[in-house]
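Notes follow the structure.
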Amino acid sequence: MFSLAMNFLPAASVAAEKFESFFTIYLWIGTLLFVGTLGIGIYWAIRYRRRSENDQTPYIPHNYLVEFASVFFISVWVAVFFVWGWQDYSAIIAPQANEYEINIIGQQWNWQIQYQHGKSFTNEIYLPRGRPIRLIMTSKDVLHSFFIPEFRVKQDVVPGQFTSLRFVSTQAGEYNIYCAEYCGTAHSKMIGKVFVMEPADFEKWIDGVYKPEHAAEGAAPAQALSMAEAGAQVYQTKTCNACHSVDGSRVYGPSFKGLYGSQAEMENGEKVTVDENYIRESIMDPMKKLVKGYPPQMPVFRGMLSDEEVNQLIAYMKTVK
Ligand code: CUA
């Protein structure tokens, strides 16, 4: 809509366009107020300066109209910016239909990128233009923050839990990834690239016959297991299958069938949405939120599954419907 302020940094996502409109208006109103306030200050300094030894500042009482009007207009603007910002932010973080999910694992000092089709990359993300993207992020060690300036999106990456970052890119091209949270010696080297491709090129990239010009790593190798397939193997090798069925039948724990995204009732009657964070918590700390009607007998898997394996297992659970 408006784009007067930040032409030096491309706005390459829907969020960036919204942010740019908001920020431009905010900047210009701020500029106007700054110049106005300073101008009045300078004018008064000259107008009411001390002209002689006997010069006395006159007694000037306050003015109800000016006070009321300034408080009123400031309040209106604060309200307008609040509602505008709230609406844009809600739209940016809202889940969308047909989201393309990518897992990100931050660690000192790089980004591991896991694709659903099985290929992993370091510091390089490949995206189709125009498709809603959901990054499902976690950290192996300390707090990081995933930041793509050209998309105007940033999200903390937290050890022990999942955070999401959603965006829709609008222009094919190359963009930067930064870590925006100081995380140790090589924090400033924790950088990467986003390659946004036209949807047709992205399909070719998936098929392994196309690579963006400056990409260091190649396309997806055909022999890789998909994340869900790898997760099915984790389900076997970590013996999840001893207690959890995938066909809906009751063994010792809840069946995986239709579990992801469902509402589970806890022992205390509380309802919990079965999302990535709940599944992970139930693997690492099973006694914390027990599903009603199941005995407290699941062993603790903390330290027995890597972050990659947890992501694969969750990807598998999503396919068991
Ligand atoms: Cu990771 Cu700073």
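The values are calculated or read from the model by the stated rules, or taken from the named source; none is laboratory data. Computed from a predicted structure; not experimentally measured. Glycine gets a Cβ as well: all are built from the backbone with ideal geometry, and neighbour counts include every protein chain shown. Areas reflect the complete protein model, heavy atoms only, side chains present, ligands, DNA and RNA absent. Shrake-Rupley method; radii C 1.70, N 1.55, O 1.52, S 1.80 Å.
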>> Percent of Cα-Cα pairs more than 16 Å apart in segment 33-90, please.
In response: 69 percent
>> Of all beta bridges DSSP finds with both residues in the chain, what is the antiparallel percent, to the nearest 5?
In response: 70 percent
> Per the Cauchy relation, a quarter of the hull surface: what is the mean projected area of the convex hull of the alpha carbons in segment 152-283, in nm²?
Replying inline: 12.2 nm²
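Mind checking the alpha-carbon convex hull of segment 230-278 and giving the volume per residue in Å³?
In segment 230-278, the Cα hull volume divided by residue count equals 93 Å³.
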> Roughly speaking, what % of Cα-Cα pairs in segment 24-166 are separated by over 22 Å, rounded to a whole number?
Replying inline: 62 percent
> Under 17 Å from the Cα of K288, which aspartates and glutamates turn up, not counting those fewer than eight places away in the same chain?
Replying inline: E265, E267, E270, D275, E276
> Can you pull the percent of the chain's accessible area that's carbon plus sulfur, 1.4 Å probe, other chains left in place?
Replying inline: 60 percent
>> Can you compute the modelled spin-label distance between E203 and Q236, with each label point 7 Å from Cα toward Cβ, in nm?
In response: 3.3 nm
>> As an exercise, use a Förster radius of 30 Å and the Cβ-Cβ distance of R302 and S164 to find the FRET efficiency, rounded to the nearest 0.05.
In response: 0.85
>> Under 17 Å between alpha carbons, and skipping anything fewer than 8 positions from K119 in its own chain: which lysines qualify?
In response: K193, K204, K211
> For the chain, how big is Rg over Rh, using alpha carbon atoms and the Kirkwood form of Rh?
Replying inline: 1.15
> log₁₀ I(q)/I(0) of segment 1-79 at q = 0.11, 0.21, 0.24, 0.26 Å⁻¹, via Debye over equal Cα point scatterers, no solvent, to two decimals?
Replying inline: -0.53, -1.05, -1.16, -1.21
> What GluC sites (Glu not before Pro) in segment 259-321 are in a loop by DSSP, with at most 15 other Cβ atoms within 10 Å of the Cβ?
Replying inline: E267, E270
> Cα to Cα, under 22 Å, and not fewer than 8 places away if on the same chain: which lysines meet these conditions relative to K292?
Replying inline: K257, K271, K318, K321
>> With +1 on the Cβ of every Lys and Arg and -1 on the Cβ of every Asp and Glu, and nothing else charged, how large is the dipole of segment 228-321 about its Cα centre, in debye rounded to the nearest 20?
In response: 260 debye
> Under a no-solvent Debye model with one identical scatterer per Cα of segment 96-179, what's log10 I(q)/I(0) at q = 0.15, 0.22, 0.24 Å⁻¹?
Replying inline: -0.50, -1.11, -1.33
> For segment 173-319, what is the accessible area per residue in Å², given a 1.4 Å probe and the full set of protein chains?
Replying inline: 53 Å²
>> Can you give the longest run of the chain that contains no chymotrypsin sites (Phe, Trp or Tyr not before Pro) sitting in a DSSP loop with at most 13 other Cβ atoms inside 10 Å?
In response: 60-181
> What is the Rg over Rh value, at two decimals, for segment 70-143, using alpha-carbon atoms and the Kirkwood definition of Rh?
Replying inline: 1.21
>> Could you work out [θ]222 nm for the chain from helices alone, using -39500 (n - 2.57) per DSSP H run of at least four and dividing by all its residues? Round to the nearest 500 deg cm²/dmol.
In response: -11000 deg cm²/dmol
